[in-house]
Amino acid sequence: MSAINTISRRSFVSIVASLVATGASFTMLQKVSAAAGTEAHPSPGHHTDDEMTKCIQLCRECHAMCTQTISHCLKLGGRHAAPDHIRLMEDCAQMCATAADYMLRESPFHDRICRLCSDLCKQCGKDCEEVAGDDQMVKQCLEMCRKCAGSCDRMASKVAA
């Protein structure tokens, strides 16, 4: 078995485990809200549970996509594997996971974290666009970053409104 196959399988298992955990978190959040008979954010100016759930899902998907794309870019080499590009994707992936965690915990600071997540996703998307060329996976990553940035923008702006 080659090292590349081992790395790919490990990445795959890690991503699947993350997505399974995300599903469990969503189920728990919905059950807790239903049992309490209240919305997670009943105050005016806050977002709905559906909006937050969608943002959490996009953050988790963006985390997984960036993580997969890092491995892919390292295999491609050249400008795809430039240290600044890889570091930015790592930062984006980590911030997406952090933003999802803050929202899942209903942290009062999630709006600030979502703002930073949006900024990093936008920058990561721009960077991926510059190096993508004809590579479809890098193009998928930049699209995922854009979707996540938009959702995080909405989470940050609704709280700030």
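Go through the stretch 111-155 and count every residue that is among the polar types (S, T, N, Q) and either crowded, with 16+ Cβ neighbours inside 10 Å or touching a residue at least 40 places away in the same chain (Cβ under 8 Å) (or both).
Initial filter on the stretch 111-155 (among the polar types (S, T, N, Q)): 118, 123, 136, 140, 151.
Narrowing further to those that are either crowded, with 16+ Cβ neighbours inside 10 Å or touching a residue at least 40 places away in the same chain (Cβ under 8 Å) (or both): 118, 140, 151.
Residues flagged as among the polar types (S, T, N, Q) and either crowded, with 16+ Cβ neighbours inside 10 Å or touching a residue at least 40 places away in the same chain (Cβ under 8 Å) (or both) within the stretch 111-155 amount to 3.
Among the residues of the stretch 40-65, count how many are over 18 Å from the mean Cα position of the chain (by Cα) and either among the small types (Gly, Ala, Ser) or modelled with pLDDT of 95 or more (or both).
3
The values are calculated or read from the model by the stated rules, or taken from the named source; none is laboratory data. Since this is a predicted model, take the numbers as computed values, not measurements. With ideal geometry, Cβ positions are generated from the backbone for all residues, glycine too; neighbour counts draw on all protein chains shown.
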